[in-house]
Number of protein chains: 2
Amino acid sequence: MTRWEPGARERLQAAALELFATRGFEQVTAAEIAQSVGLTERTFFRHFSDKREVLFYGQQQFLQAFVDGVDAAPPGAAPLEVIASALRAAASLFPDERRPYSRTRQSVIDQNPALREREQHKLAGLANTVAEALRARGISEPTATLAAQSGATVFGIAFAQWIREGETRSLPDIASDVIHELVNLTGTATGSPKAP
Amino acid sequence: MTRWEPGARERLQAAALELFATRGFEQVTAAEIAQSVGLTERTFFRHFSDKREVLFYGQQQFLQAFVDGVDAAPPGAAPLEVIASALRAAASLFPDERRPYSRTRQSVIDQNPALREREQHKLAGLANTVAEALRARGISEPTATLAAQSGATVFGIAFAQWIREGETRSLPDIASDVIHELVNLTGTATGSPKAP
């Protein structure tokens, strides 16, 4: 019988990420991840269905934060206010101490086409889930889909900025800045006109 | 020696789409497509590198229309005006007589995960190309990426609406309406608040 190992999931996640980053995702087995922190393969598979799932653990919580953020917006709020509320809720799952982990995780994903596809698929699923939550508030189509996809775009851009080397702003602050940019798309002329 | 066949590409495209739609993309070979319009497999492969390419022919022209539309916007135009110009240029490639073809093509793609992936990849590439064209106008990041991805979102939503059964508006008109929706995301509260 295997005992319950306190903190096993977190240790497996940290070990997996380090092994993926140093040796490449394809080259690492679940057994090696487990062994590197003194656990058995069997313990690994009690926590994750496969090694890819180590990178995507917490998906459901992430989606739920978006939906909770949609639900937390005041009744009758403009769609973009609702999206801003959803982004605040989701971004709060990424405190600054998580930044190095997120940065390394992203570099592992960026180097592997199958993982990148999984990530894109995840963002598309996010937009669908948020659109559904917006429709449940009485926001009609195509506004619901447009707002939800814009929210996913803003999150993606803010997240990429947050994990950039040298960036010090928090994810909620960056997301808020990017939403402002979205509002400004319609208003201000930007960029100096090029010489003819 | 094979002769040049006038209109061969168009005949192959029409035949391929009909076969894909009736028998399923996987079940149809390039030779069968060619034979159905009295052409040889060799003629097929002078026009398309594989049967998948029949569905994605014209990609480069589509991308170029977006970029031309970006370049056609007046100097100093707000990013969303530039995107609107790009969308007008791209949407003009889809006149109403193409609607049945586009509708059938989309249903073939929607039924095949590999084709859907290819399509998603195409939209991501579109956003990258447009972002580059925006940066070349002096629009800085993250505005360029945000505007480009918003443009791809608007195109995707407008296109899905254009091919819906019963829709009669033109693609440029729908795209223009969806851009208005994007502007309105920030402004108006929509949807009736739900009863507590």
Query raised in the report: Taking Cα atoms, how many degrees apart are the long axis of helix A:99-110 and the longest axis of chain A, rounded to 10 and kept between 0 and 90?
Result: 90 degrees
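What does the charge add up to near A:Val28, with Lys and Arg as +1, Asp and Glu as -1, over the other residues with Cβ less than 10 Å from its Cβ?
Working: positive: A:Arg23, A:Lys51; negative: A:Glu18, A:Glu26, A:Glu32.
Residues near A:Val28 contribute -1 overall.
About the Cα centre of chain A, what is the dipole size in debye to 20, counting +1 per Lys and Arg Cβ and -1 per Asp and Glu Cβ, all else neutral? The partial results should precede the final answer.
Values: 21 positive and 23 negative charges, 55 e Å.
Here the size comes out at about 260 debye.
Counting alpha carbon pairs within less than 8 Å and at least 6 residues apart, what relative contact order, in whole percent, applies to the range A:86-196?
Values: 66 pairs, mean separation 35.9, N = 111.
Relative CO of the range A:86-196 lands at 32 percent.
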Report summary line: Given the candidates B:Ile83, B:Gly24, B:Phe66, the one whose Cα lies deepest towards the positive end of the charge dipole of the range B:1-111, counting +1 at each Lys or Arg C-beta and -1 at each Asp or Glu C-beta, is B:Gly24
**Report entry** Over the range A:1-91, relative contact order from alpha-carbon pairs under 8 Å, at least 6 apart, %
**Finding:** 21 percent
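In whole percent, how big is the carbon plus sulfur part of the accessible area of the protein assembly as shown, probe 1.4 Å, protein atoms only?
Summing carbon and sulfur atoms, their accessible area is 52 percent of the total for the protein assembly as shown.
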Query raised in the report: Within straight cross-link reach of B:Lys122, meaning Cα distance under 19 Å, which aspartates and glutamates are found once same-chain residues fewer than 8 apart are removed?
Result: A:Asp110, A:Glu117, A:Glu119, B:Asp50, B:Glu53, B:Asp68, B:Asp110, B:Glu132
Report task. Compute the FRET efficiency between B:Glu141 and A:Ala136 as 1/(1 + (r/R0)^6), taking r as their Cβ-Cβ distance and R0 = 35 Å, and round to the nearest 0.05. Result -> 0.55
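I'd like to know how the range A:1-79 sits against the 2.2 N^0.38 Å rule of thumb: what's its Cα Rg over that expected value? Write down the numbers at each step before the final one.
Numbers: Rg = 17.2 Å, N = 79, 2.2 N^0.38 = 11.6 Å.
Normalised by 2.2 N^0.38 Å, the Cα Rg of the range A:1-79 equals 1.49.
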Report task. Name the residue, out of B:Leu134, B:Leu19, B:Leu126, whose mean-square fluctuation peaks in a Gaussian network model built on chain B with Cα pairs under 10 Å. Result -> B:Leu19
Report task. At a probe radius of 1.4 Å, figure out the A/B buried accessible area, summed over both chains, and give it in Å² to the nearest 100. Result -> 3100 Å²
Report task. Please give the net charge around B:Pro113, taking every other residue with its beta carbon less than 12 angstrom from that of B:Pro113, where Lys and Arg add +1 and Asp and Glu add -1. Result -> -3
Query raised in the report: Tell me, what HN-Hα J-couplings in whole Hz come from the Karplus equation 6.51 cos²θ - 1.76 cosθ + 1.60 at θ = phi - 60° for each residue of the range B:71-88, using x for Gly and Pro?
Result: 5, 7, 5, x, x, x, 4, 4, x, 6, 5, 5, 5, 4, 5, 5, 5, 4
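If I stretch the segment between B:Lys122 and B:Asp96 completely, what's the gain in nm (0.36 nm per residue apart, minus their alpha carbon distance), one decimal? Walk me through the intermediate numbers first.
Numbers: separation 26, 0.36 × 26 = 9.36 nm, distance 2.27 nm.
My answer for the length gained is 7.1 nm.
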Report task. Report, in degrees rounded to the nearest 10, the 0 to 90 angle that the Cα long axis of helix A:143-162 makes with the longest principal axis of chain A. Result -> 60 degrees
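Per residue, how large is the accessible surface of chain A? Use a 1.4 angstrom probe and give square angstrom. Intermediate values should be presented prior to the final figure.
Details: 9740 Å² over 196 residues.
On a per-residue basis, chain A sits at 50 Å².
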Requested in this report: Shortest first and in nm with one decimal, please list how far the B:Val183 label point sits from its counterparts in the other copies (point 7 Å along Cα→Cβ).
Outcome: 1.7
Query raised in the report: If you bin every alpha carbon distance in the range B:115-189 into 5 Å steps from zero, what whole percent lands in each bin?
Result: 3, 16, 19, 20, 21, 14, 5, 2, 0
Requested in this report: Between copies, how far apart are the A:Leu123 label points? List them in nm, one decimal, shortest first, with each point 7 Å from Cα toward Cβ, please?
Outcome: 1.1
Report summary line: Per GNM of chain A with C-alpha springs under 10 angstrom, the most fluctuating residue out of A:Ala78, A:Ala133, A:Ala152 is A:Ala78
Report summary line: Here the range A:21-26 yields Karplus 3J(HN,Hα) values (6.51, -1.76, 1.60; θ = phi - 60°; whole Hz; Gly and Pro given as x) of 5, 8, 10, x, 3, 5
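At a Förster distance of 35 Å, what's the computed FRET efficiency of B:Gln61 paired with A:Gln64, Cβ-Cβ distance as r, to 0.05?
Working: r = 43 Å, r/R0 = 1.22.
E between B:Gln61 and A:Gln64, to the nearest 0.05, is 0.25.
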Query raised in the report: Out of B:Ser102, B:Ser85, B:Ser49, any idea which swings most in a Gaussian network model of chain B, alpha carbons joined below 10 Å?
Result: B:Ser49
Query raised in the report: Seen from all sides and averaged, what is the projected area of the convex hull of the Cα atoms in the protein assembly as shown, in nm²?
Result: 25.8 nm²
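B:Ala73: net charge of surrounding residues, Cβ under 9 Å, Lys/Arg +1, Asp/Glu -1, itself excluded? Numbers along the way, then the final one.
Working: positive: B:Arg137; negative: B:Asp71, B:Glu81.
In short, -1.
The values are calculated or read from the model by the stated rules, or taken from the named source; none is laboratory data. Fair warning: this is a prediction, and the values are worked out from it, not measured in the lab. Methodologically, a virtual Cβ is constructed for each residue, glycine included, from the backbone with ideal geometry; neighbour enumeration extends over all protein chains shown. Please note that ligands, DNA and RNA were not included when accessible areas were found on the heavy atoms of the full protein model with its side chains. Shrake-Rupley method; radii C 1.70, N 1.55, O 1.52, S 1.80 Å.
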